[in-house]
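The values are calculated or read from the model by the stated rules, or taken from the named source; none is laboratory data. Just so you know, these numbers come straight off a predicted model, no measurement behind them. Quick reminder, even Gly has a Cβ in these numbers, built from the backbone with ideal geometry, and neighbours come from all protein chains shown. Heads up: the accessible areas ignore ligands, DNA and RNA and are worked out on the full protein's heavy atoms, side chains in. Shrake-Rupley method; radii C 1.70, N 1.55, O 1.52, S 1.80 Å.
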Amino acid sequence: MKPPDRIEELLTAVSAAFADGALVQLKLGGYHGDEPDLKAVLVKKISTKAGEKYSFTYRYKTRDTIKNFAEHEALVLLREGLANEFRSAQLATTGFDMVVERNGAKMRLKRTEVKGREAPSTDHNRAKNRPLTETGKPWLKALGLAGKNGAIRNDAQDKFRQINKMVEIFAPLVAALKAEKPLIIDMGAGKGYLDFALYDYLATVAKQPVCIIGVEMREQLVTDGNATAKASGFEGLSFEAGTIMEHDASGADAVIALHACDTATDDAIFKGIAAGAALIAVAPCCHKQIRRQMASGKPDATLEPLLRHGIFVERQAEMVTDTLRALLLELNGYRTKVFEFVSDAHTPKNNLIVAEKDGRTGRDRDAVLKQIVEIKAMFGIGEHYLEGLLGE
Ligand SMILES: C[S@@+](CC[C@H](N)C(=O)[O-])C[C@H]1O[C@@H](n2cnc3c(N)ncnc32)[C@H](O)[C@@H]1O
């Protein structure tokens with residue numbers, strides 16, 4: 001008897017979910033093709049003026065590229081990709097999850113029913129009640145979010161939604177700062193998406209005086225950012241070239257870092273604590289430092305099943321790293337909370353650690369220290385990089 005064709009089973013489910021409005025996301029992983037730095041492909045449904053499309057986000061090491069396809073093209077690409085270049089596919093629908101994994105010539109399929117999950121909106125053009133409504137701004141064009149006609153480009157809708165969400169989160173945090181004209185330092189600013197969006201909103205909509213400095217080690221991005229800030233008339237926004245550790249953050253009311261790589265997040269937290277910033281907010285990126293320590297150390301034997309599978313080690317490393325960061329912030333007088341700041345359909349790196357200085361440095365210091373020591377011992381961790389910076 002012919003073995004079941006798992007790829008066709010998956011594609012049938014994808015196509016049905018697409019038609020029923022039940023498609024949440026399809027993710028292709030385990031890439032082993034020729035494209036350098038391609039990590040994964042995320043597929044979702046979008047509604048465009050030209051009809052409903054499959055939107056493919058090609059996730060590279062340092063960038064995303066989005067392409068939209070009609071169904072027949074999308075299914076051809078998926079069929080070829082799954083047969084030749086990707087080892088796994090994870091389909092999420094409103095009613096079930098389906099995972100297909102290829103191991104050599106063998107294909108395994110697992111389906112799990114789910115309840116209460118909603119499909120994301122496919123509406124591409126709806127402005128909702130976003131903080132940034134005007135789209136014809138020079139910075140939106142310079143950052144490639146808006147086209148020449150001033151409208152947000154189709155392939156930048158996701159990014160525009162994300163930065164609006166960030167403005168929604170950060171604007172009230174900035175408003176809560178006591179300073180009249182707060183100084184916000186964004187460490188590892190990249191192209192400065194958040195800085196432009198936040199500055200624009202605070203200066204032109206909320207009428208909140210503010211000074212934002214983006215610190216970035218790639219000089220070209222700094223030159224471009226400063227030129228765009230000037231062209232936009234954003235006098236209080238500037239970019240400085242250099243590393244986070246080189247930057248003198250004294251006087252900062254808030255230190256933020258979004259997806260600064262690995263320990264650069266710790267550098268930013270350290271600079272924030274050293275400056276006594278009232279607010280520190282970081283969205284961590286990769287978590288290699290602790291993962292390496294967990295791999296070379298001796299975690300508690302009872303954790304063995306939790307650390308048996310690579311993907312779970314990855315997730316545990318992420319949670320342990322950020323738990324320790326949150327505890328080290330608490331140890332230094334910050335009240336911390338951690339939450340998802342954008343949907344994981346946009347990015348898996350969607351945790352935001354928000355720490356607000358509440359001044360109660362002495363509170364339960366011994367208890368917090370004990371927790372740090374115990375967690376490190378449990379996971380076989382010698383030292384968290386941030387601990388070393390703080391000299392704890
Ligand atoms: C993944 S990008 C994120 C950019 C931006 N924060 C965003 O969310 O769009 C990380 C940026 O941090 C910069 N970066 C990483 N480590 C840094 C360091 N130690 N000092 C300064 N910049 C750093 C990189 O050059 C890169 O532009």
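Structure notes:
- The dipole here belongs to region 181-242: it is taken about the Cα centre, uses +1 on the Cβ of Lys and Arg and -1 on the Cβ of Asp and Glu, and is about 180 debye.
- Here the calculated FRET efficiency for K288 and R335, from their Cβ-Cβ distance with R0 = 25 Å, stands at 0.35, rounded to the nearest 0.05.
- When you restrict to C-alpha pairs under 8 Å that are six or more residues apart and normalise by the size of the chain, the relative contact order lands at 10 percent.
- Calculated FRET value between L306 and N149, using beta carbons and R₀ = 56 Å, to 0.05: 0.60
- Computed magnitude of the charge dipole of region 273-392 (debye, nearest 20; Cβ of K, R +1, Cβ of D, E -1): 120
- Residues within the reach of a label modelled at A377 (point 7 angstrom out along Cα to beta-carbon, backbone nitrogen below 16 Å), restricted to region 277-320, are 298-303.
- Taking all Cα pairs closer than 8 Å and separated by 6 or more residues, the relative contact order of region 1-142 comes to 23 percent.
- Between E219 and D5, the simple spin-label model (points 7 angstrom out along Cα→Cβ) gives 5.6 nm.
- Of all the options D224, D200, D253, the one that moves most in a Gaussian network model of the chain with Cα springs shorter than 10 angstrom is D224.
- Of K61/K141; K159/K376; K207/K230, those spanning more than 28 Å from alpha-carbon to alpha-carbon: K159/K376
- With a Förster radius of 30 Å applied to the C-beta separation of A175 and S121, the computed FRET efficiency comes to 0.60.
- Protein heavy-atom accessible surface, 1.4 Å probe, per residue over region 6-113: 52 Å².
- Packing here is the average count of other Cβ atoms within 10 Å per residue, and on that basis the peptides 264-276, 152-164, 290-302, highest first, run 264-276, 152-164, 290-302.
- Take region 209-260 with all the other protein chains still there, run a 1.4 Å probe, and you get 48 Å² of accessible area per residue.
- Computed over protein heavy atoms with a 1.4 Å probe, the carbon and sulfur contribution to the accessible area of region 5-96 reaches 48%.
- The accessible area of H309, taken with all protein chains in place and a 1.4 Å probe, comes to roughly 90 Å².
- Order by protection proxy (mean Cβ within 10 Å, highest first), peptides 72-84, 36-48: 36-48, 72-84
- Label point distance in nm, K370-E73, each placed 7 Å from Cα along Cα→Cβ: 6.2
- The alpha carbons of the chain give a radius of gyration and a Dmax of 22.6, 75 Å, in that order.
- Placing +1 on the Cβ of every Lys and Arg and -1 on the Cβ of every Asp and Glu, with nothing else charged, gives region 6-113 a dipole about its Cα centre of roughly 280 debye.
- Simple spin-label estimate for R315 and D37 in nanometres, 7 Å along Cα-Cβ: 2.8
- Think of it as helices only: each DSSP H run of n ≥ 4 in the chain is worth -39500 (n - 2.57), and spread over all residues that comes to -11000 deg cm²/dmol at 222 nm.
- Over region 261-308, relative contact order from alpha-carbon pairs under 8 Å, at least 6 apart, %: 41
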